[in-house]
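Data first, discussion second: the structure below is written as structure tokens.
The values are calculated or read from the model by the stated rules, or taken from the named source; none is laboratory data. Every value quoted in this text rests on a predicted model; they were computed, and no experiment measured them. All Cβ positions, even for glycine, are placed from backbone atoms using ideal geometry, and neighbour counts span all protein chains on display.
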Amino acid sequence: MRRLLPLLFALLLSPLLSPCVAGAQPVLNVYNWSDYIDPQALRRFQQETGIRVRYDVYDSLEALEAKLSAGRSGYDIVVPSSEPTFARLVRAGALRPLDAARIPNLRHLDAGLMQRVAGVDPGNRHGAIYLWGTVGLGVRQDRVRALAPDAPVDSLDLLLKPENARRLARCGLAVMDSATDVLPTVLRWLGRDPNSNEAEDLRAAEQALLALRPHLRAIPASGALIDMLATGEICAALTYSGDVIQAGARARNGVVLHYALPAAGAHLSFDMLAIPADAPNPDAAHAFIDFLLRPEVMAGITSTVRYPNAVPASRALVVPAVRDDPNVYPTEAMLADAFIPGTPTAAAERLRNRLWSRFKAGR
Ligand code: N2P
């Protein structure tokens with residue numbers, strides 16, 4: 001009987017417990033870039049919907065792809081750049097088509113910007129633009145001027161010309177760790193096709209990177225790079241636009257940062273809200289996308305992370321210092337030569353990855 005008692009107890013209690021299990025709090029599993037949301041938006045979503053958000057972060061497309069390619073990621077929301085990652089996921093059937101009827105706020109999206117990503121997702125069936133941005137240079141202009149008075153403070157030449165890099169090595173130089181998001185900019189700076197799959201072009205990019213390598217203090221993940229810029233540990237770095245602007249806002253002790261858009265044409269990327277095909281909670285994912293696309297929610301996100309969004313109605317609600325910063329919202333003229341990278345062939349992808357390993361190892 002003593003053995004049976006706990007069983008009896010459990011049986012008696014089960015009618016009481018089961019409604020609790022059936023009504024277990026729904027969970028939304030989000031996998032987003034680091035430093036890419038307004039924490040208040042997450043709190044508000046949880047309050048309004050009762051859905052608990054489990055939130056993980058990555059800071060490179062390589063990390064996101066590694067996680068997703070293993071399958072069964074368990075995520076309901078991912079935020080891949082339109083090319084190459086989102087394009088590959090669409091092609092592989094790894095994303096769930098969005099049910100537009102459940103995302104009425106899709107109507108707020110800028111049709112022209114959505115058209116720019118429709119090339120890899122006909123009819124925009126699998127994704128909505130979350131935020132977008134460019135790749136460029138974060139610079140402490142005062143430090144650079146002190147060490148190399150004749151070096152241009154607003155050009156990639158500052159970093160990629162070895163005679164400049166050599167002089168600036170003392171104040172710290174860095175390149176974010178991402179072959180996917182760095183090589184197009186280097187190829188373009190060299191006057192080559194940023195999407196080239198040719199071994200010869202990739203060799204030229206490798207030469208440029210290897211010439212820079214001895215002068216680099218670090219090749220950190222983009223997330224860590226924000227802190228290195230903010231603390232003044234480095235004085236110039238190649239990374240994402242909003243990360244530089246966030247670092248500038250976080251900076252203390254007299255660190256002043258500028259963002260320089262590459263004059264030869266900037267790498268433009270669109271980060272897409274998407275639902276993996278095997279998402280455990282697609283209902284919550286749809287509710288979350290709809291929530292994020294509310295103009296006032298988007299305004300809070302852009303004001304916090306300093307990346308532009310694709311919801312024009314949010315613009316008036318963004319804090320003025322961010323709304324009026326042309327590095328956050330570049331003008332048409334600034335983007336005239338910008339390019340959206342393509343998706344390399346599998347063979348070129350292997351070459352790019354090997355080249356990147358050699359660059360990191362410095363040989
Ligand atoms: C967030 C970086 C996201 C930009 N820290 C990638 N397009």
Subset of the stretch 112-152 (residues that are over 17 Å from His258 (Cα atoms), in a strand (DSSP E or B) and not β-branched (Val, Ile, Thr)): Ala128, Tyr130, Leu131, Trp132
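A quick yes/no check of all residues on (1) part of a loop (DSSP other than H, G, I, E, B); (2) at pLDDT 95 or above:
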| position | (1), (2) |
| --- | --- |
| Arg315 | no, yes |
| Ala321 | no, yes |
| Asp325 | yes, yes |
| Val328 | yes, yes |
| Thr331 | yes, no |
| Leu335 | yes, no |
| Pro341 | yes, no |
| Ala348 | no, yes |
Give the stretch 27-69 a look and list any residue that's aromatic (Phe, Trp, Tyr) and either more than 16 Å from the ligand (Cβ to nearest atom) or in a loop (DSSP other than H, G, I, E, B) (or both), or say none. Tyr36, Phe45
Going through the stretch 281-314 in order, the residues found to be of a type in the set (Ser, Thr, Tyr) and buried (at least 23 other Cβ atoms within 10 Å of the Cβ) are Thr302, Tyr307, Ser314
When you scan the stretch 286-298, do you find a residue that is more than 16 Å from the ligand (Cβ to nearest atom), out of contact with any Leu (no Cβ under 9 Å at 6 or more places or on another chain) and in a helix (DSSP H, G or I), even just one? yes
Selection within the stretch 111-139 - away from the ligand (no atom under 16 Å from the Cβ) and buried (at least 16 other Cβ atoms within 10 Å of the Cβ): Met114, Asp121, Asn124, His126, Val139
Out of curiosity, is Asp278 surrounded by fewer than 23 Cβ atoms within 10 Å (Cβ to Cβ) and assigned to a helix (DSSP H, G or I)? no
Is it the case that some residue within the stretch 250-273 is over 27 Å from Ala111 (Cβ atoms), within 13 Å of the ligand (Cβ to nearest atom), surrounded by fewer than 22 Cβ atoms within 10 Å (Cβ to Cβ) and not β-branched (Val, Ile, Thr)? yes
Looking only at the stretch 247-275, count how many residues are closer than 30 Å to Ala70 by Cβ and not in a strand (DSSP E or B). 1
Options Ala92, Ala100: the member that is among the aliphatic types (A, V, I, L, M), surrounded by fewer than 14 Cβ atoms within 10 Å (Cβ to Cβ) and more than 15 Å from the ligand (Cβ to nearest atom): Ala92
Could you list, ordered by first residue, the pairs with Cβ atoms under 7 Å in which the first is in the stretch 219-246 and more than 12 Å from the ligand (Cβ to nearest atom) and the second is acidic (Asp, Glu), at least 6 apart or interchain? Ile219/Asp177; Pro220/Asp177
Within the set of pairs 6 or more residues apart or between chains, which connect a residue that is under 18 Å from Pro344 (Cα atoms) inside the stretch 88-100 to a residue that is surrounded by 13 or more Cβ atoms within 10 Å (Cβ to Cβ) and among the acidic types (Asp, Glu) with Cβ atoms less than 6 Å apart? Val90/Asp121
